[in-house]
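Nothing in this text is a laboratory measurement; each read-out follows from the coordinates by a stated rule. Bear in mind the structure is a predicted one, so any value in this text is a computation, not a measurement. Backbone-built Cβ (ideal geometry, glycine too); neighbour counts: all protein chains shown.
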Amino acid sequence: MQTNHKGYRGYVFSRLLDGHRVPQHIQNLVIRDYAQRRKLHYLLSATEYTMPDCYLMLEQVLDELVSLEGVILYSMFMLPDVAAQREALYRRVLAPGCSLHAAVEGFVLESEVDIERWENVLATAAICRTLEYREIERWLT
């Protein structure tokens, strides 16, 4: 079956990610390596604007999905903080038969089943961000 889908668009940004700034060239190297190891045809990355909570470039990439196989995010933690926005994004990716990849985490979202896994990781991380390190350490002992 021949398809019009032509590869995976990368997605990077220059905002803080978990309190750290990862240079865009490093993000692109991670995405390129991820794609190579999985034999995915990598297309150049879209670079998000710096403004907080801005996802204009991500929206543009989602609009391209009819001609893509999917999107490779540098990290799943680049997604919007609001769960409903992420849910809508997942559905937009899955609707045309595409997939969403998180290079750092090595996660792939390619079906409805994967949504729960992604959301569990993001929700757990959000909870842990609000806890003191000593509290987490106490739970682990």
Gain in span if fully extended, residue 137 to residue 66, counting 0.36 nm per residue against the direct Cα distance
21.0 nm
Sticking with the crude label model, points 7 Å out along Cα→Cβ, report the distance from residue 85 to residue 124 in nm, one decimal please.
2.4 nm
Using a basic spin-label model with each label point 7 Å from the Cα along Cα→Cβ, how many nm lie between residue 41 and residue 6?
0.8 nm
What is the set of long-range amide H partners of residue 43 at a cut-off below 5 Å, with H atoms built 1.01 Å from backbone N?
8, 9, 10
Residues whose built amide H sits under 5 Å from the amide H of residue 68, excluding neighbours closer than 5 in sequence, are 6
Per-residue HN-Hα couplings for segment 27-33 [Karplus 6.51, -1.76, 1.60; θ = phi - 60°; Hz; x = Gly/Pro]
4, 5, 5, 5, 5, 4, 4
Only bridges with both residues in segment 8-140 count here: give the DSSP antiparallel percent, nearest 5.
25 percent
Debye, to nearest 20: dipole size of segment 8-140, +1 on Lys, Arg Cβ, -1 on Asp, Glu Cβ:
400 debye
In whole percents, the bins of 5 Å from zero upward hold the Cα-Cα pairs of segment 8-140 as 2, 10, 20, 23, 21, 13, 6, 3, 1, 0
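What's the magnitude of the charge dipole for segment 87-131 around its Cα centre, counting Lys and Arg as +1 and Asp and Glu as -1 at the beta-carbon? Answer in Debye, nearest 20.
Value, rounded to 20: 160 debye.
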Which of the chymotrypsin sites (Phe, Trp or Tyr not before Pro) across segment 22-99 are loop residues per DSSP, with 15 or fewer other Cβ within 10 Å?
49
